[in-house]
1. Using each residue's phi in the range 7-21, evaluate 6.51 cos²θ - 1.76 cosθ + 1.60 at θ = phi - 60° and report the 3J(HN,Hα) Karplus result to the nearest Hz, with x for Gly and Pro.
2. P(r) of the range 67-112 in 10 Å steps, Cα pairs, percent per bin?
3. Pick from Leu106, Leu37, Leu90 the residue whose mean-square fluctuation is largest in a GNM of the chain, springs joining Cα atoms under 10 Å.
4. Arg114 accessible area, nearest 10 Å², 1.4 Å probe?
5. Can you list the HN-Hα couplings for the range 102-111, worked out from phi with the Karplus curve (6.51, -1.76, 1.60; θ = phi - 60°), rounded to whole Hz and with x for Gly and Pro?
6. Going 7 Å from the Cα of Met1 toward and past its Cβ, which residues in the range 49-74 have a backbone nitrogen under 19 Å from where you end up?
7. Report, ordered by chain and residue number, the lysines lying within cross-link reach of Lys7, taken as a straight Cα distance under 19 Å and ignoring same-chain residues fewer than 8 apart.
8. Could you check the simple spin-label distance between Glu21 and Asn68, using points 7 Å along Cα→Cβ, in nm with one decimal?
Amino acid sequence: MQEELKKRLSKDPNNGLLTYEYIANHIGSVDKIMPELVEIMIMVDKTGQFVVSTARYLHAIDPKKFANSIDKLIKAAIEKDRERVYLGDLAASIWGTDYKERAEELKASDDNFRRIYKRLYPVGM
């Protein structure tokens, strides 16, 4: 990644919007620098909004090709979205709108899903 681009994205005053737009506008040519872009996104996004949006976008484009990046973004979203504003949309986008009906199966097979589900539907509250 070019140093100038890295500096510009790292100083994003919009919590990741610049990085999200860069990924979306250059999706055909960012494969080699995607890990760096994901790290920058995680660093600058304080609320999880653009971390979630980027995970959803990459999943819609090619979930297998971007699996590692999606996994990192989901893990970051779980930590950043403390108010649970974006996690429901993330779960529906990644695991399908019927994720609630398949919750037990998904919790047993996917740690990220288990953590999100626990955050969305805490027991005993």
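The values are calculated or read from the model by the stated rules, or taken from the named source; none is laboratory data. No experiment lies behind these values; they were computed from the predicted model shown. With ideal geometry, Cβ positions are generated from the backbone for all residues, glycine too; neighbour counts draw on all protein chains shown. What goes into the accessible areas is simple: the full protein's heavy atoms, side chains included, and nothing from ligands, DNA or RNA. Shrake-Rupley method; radii C 1.70, N 1.55, O 1.52, S 1.80 Å.
1. Result, rounded to whole Hz: 5, 5, 5, 5, 9, 4, x, 9, 6, x, 4, 4, 5, 4, 4.
2. The calculated distribution, bin by bin, is 25, 58, 17.
3. The residue that fluctuates most here is Leu106.
4. Surface open to solvent at Arg114 totals about 90 Å².
5. 9, 4, 4, 4, 5, 4, 6, 10, 9, 5
6. Label zone hits: 49-59, 66-74.
7. Answer for Lys7, where 19 Å is the Cα cut-off: Lys32, Lys46, listed by chain and number.
8. Placing both labels 7 Å beyond Cα along the Cβ direction yields 2.9 nm.
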